[in-house]
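Engineer: After the structure tokens below, expect a handful of questions from me.
The values are calculated or read from the model by the stated rules, or taken from the named source; none is laboratory data. Remember, predicted model here, so these are calculated numbers, not experimental data. Cβ coordinates were reconstructed from backbone atoms using ideal geometry, including for glycine residues, and neighbour counts include every protein chain displayed. SASA here: full protein model, heavy atoms, side chains in, ligands and nucleic acids out. Shrake-Rupley method; radii C 1.70, N 1.55, O 1.52, S 1.80 Å.
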Amino acid sequence: MKISIMGLGYVGCVSAACFARDGHEVVGVDVNPIKVDTINAGKSPIIEPGLQELLQDGIKNGRLSATSDAETAVNQSEIVVVCVGTPSQKNGGLDLAYVEGVCEKIGQILKTKSDYTVVAIRSTILPGVTFGSLIPIIEESSGKKAGVDFGFCVNPEFLREGTAIKDFDNPPYTIIGQIDDRAGRKLAELYAQVDAPVQFVTLGVSEMVKYASNAFHALKVAFANEIGNISKAYGVDSHQVMDIFIQDTKLNLSPVYLKPGFSFGGSCLPKDVRALLYAGRKADLELPVMEAILPSNELQTQKALDMLVDHGKKKIGLVGISFKPDTDDLRESPAVELAERLIGKGFNVNIYDKEVSLNKLHGSNKAYIDQIMPHIGSLMQPTLKETVQQSETIVIAKKPSNQEYDQLLELLTPQHTLIDLVRLNGQQMNNFGGTYNGICW
């Protein structure tokens, strides 16, 4: 394929060299003549293992060149890949001047170009930037319509400095955000030689995946350092701790706990986080990441409450009161806290949980609920049917069984509002006829 790379910085150089190696005809475009001359001389403008050899091979076999002539490059390309920088502003926001300027230039060129062209944004941009800024800029400057007259995709990169070529060749996936299938399929051809699944998603998802990844990477570094600081303060080998920690691929390094939803609760997580923070304070340590865990969890409970208060309907059916499925443990359950706050604000609350039988509670579990919510018995309903029939708004606070899920679908009416805190059955529930709202979706 014939492609042009707009911007020959780190991502642009690596992408250009790898695409050329894979057999595509690549023209790199940059306003900096020094970069252009350096690449055309077969030299790398950046330090990256293996990059200079790829650039030399691309220049030698005629599949790679660099220029400052954007018009000629775009006119000769089937795909235009935008790789310019999006640096931080003083307030933390993105400086979009470069990517917006490139998009305006591309639009001006497309105005007189008759061939269908796909514009692929590889620059890191926040959700909403494409629809709010980049697509309108290209459409206005070209007089053409995205998804009709030209293709538009978001194609985030996951290249680490020092291992960029290896990362290009061995990604976990290739993400293509698209507004039409034609553009997405065209862009996917660029990666035919990359052994990784291609995921076609919306523009917003493709924009957000990069930020989710980098924020989690940053969080892991900060978390490991805080564990290390506590460990050292108590004479513990932190590397041995974390070497053991990462061997748990069922929970620690796994998809578990990484689905957006309601707050956590139970007898372990809140208690152990508080204990660790106490140990840190005793050792005069500042642990800002861990100190943010419980307040963040509390905000999620408050968000659920705010959704119900804003909605206004007073008859609430709460499905699920224990802190997670397959247990009757009510200790520090966020659903208990939510119910208590709703009652305090004058809501009429009915509760259904097949796993919770008040006369079978004992020990610390019973002591907790007797102290926090002694009147819970008057709120519990024996069946899901009675709970739904007595309520205007149904709140799903715990994953129901498959049988309960099917029953819920039969019981809900167009007059009901469904507030989903768990992502029912792994999907949104927009088709039952009433009003649906998910806590994080």
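Engineer: I'd like the residue in the range 86-103 that is open to solvent by less than 40 Å² (accessible area, probe 1.4 Å) and of a type in the set (Gly, Ala, Ser) and, out of all such residues, is farthest from LYS186 (Cα to Cα).
Structural biologist: Checked the range 86-103; the qualifying residue farthest from LYS186 (Cα to Cα) is GLY93.
Engineer: Let me ask something else. Look through VAL273, VAL201, VAL241 and report the one residue that is open to solvent by less than 60 Å² (accessible area, probe 1.4 Å) and closer than 30 Å to TYR173 by Cα.
Structural biologist: That would be VAL201, the only listed residue that is open to solvent by less than 60 Å² (accessible area, probe 1.4 Å) and closer than 30 Å to TYR173 by Cα.
Engineer: Then there is this: Of all strands (runs of 3 or more DSSP E) completely enclosed by the range 70-189, which ones contain at least 3 residues that are touching a Lys or Arg at 6+ places or on another chain (Cβ under 7 Å)?
Structural biologist: The qualifying strands (runs of 3 or more DSSP E) are 79-82.
Engineer: Which residue out of ILE343, ILE369, ILE351, ILE394 is over 16 Å from LYS315 (Cα atoms) and open to solvent by less than 70 Å² (accessible area, probe 1.4 Å)?
Structural biologist: On inspection, the qualifying residue turns out to be ILE369.
Engineer: Go through the range 372-389 residue by residue and tally those that are within 27 Å of TYR405 (Cα to Cα), surrounded by fewer than 18 Cβ atoms within 10 Å (Cβ to Cβ) and in contact with an Asp or Glu (Cβ under 8 Å, 6 or more places away or on another chain).
Structural biologist: 1
Engineer: Condition (residue is over 30 Å from VAL221 (Cβ atoms), touching a helix residue (DSSP H, G or I) at 6+ places or on another chain (Cβ under 7 Å) and open to solvent by 60 Å² or more (accessible area, probe 1.4 Å)) applied to the range 317-324: is it met by at least one residue? If you could, list the steps in order and put the result at the bottom.
Structural biologist: If we filter the range 317-324 for residues that are over 30 Å from VAL221 (Cβ atoms), which is where we start, we get 317-322.
Still in the list and also touching a helix residue (DSSP H, G or I) at 6+ places or on another chain (Cβ under 7 Å): 317-321.
After this cut, where a residue has to be open to solvent by 60 Å² or more (accessible area, probe 1.4 Å) as well, the list is none.
Within the range 317-324, not a single residue is over 30 Å from VAL221 (Cβ atoms), touching a helix residue (DSSP H, G or I) at 6+ places or on another chain (Cβ under 7 Å) and open to solvent by 60 Å² or more (accessible area, probe 1.4 Å).
Engineer: Moving on to the next point. Across the range 397-427, what is the number of residues that are under 23 Å from the mean Cα position of the chain (by Cα), over 15 Å from TYR352 (Cβ atoms) and open to solvent by 20 Å² or more (accessible area, probe 1.4 Å)?
Structural biologist: 4
Engineer: Also, quick follow-up: Name the residues in the range 10-38 that are within 19 Å of GLY162 (Cα to Cα) and open to solvent by less than 20 Å² (accessible area, probe 1.4 Å), would you? Outline the logic, then answer.
Structural biologist: Residues of the range 10-38 within 19 Å of GLY162 (Cα to Cα): 10-19, 21.
Matches in the range 10-38: GLY12, CYS13, VAL14, SER15, ALA16, ALA17, CYS18, PHE19.
Engineer: Between ASP181, ASP169, ASP195, ASP149, which is open to solvent by 40 Å² or more (accessible area, probe 1.4 Å) and within 21 Å of MET6 (Cβ to Cβ)?
Structural biologist: One residue alone meets the criteria, ASP149.
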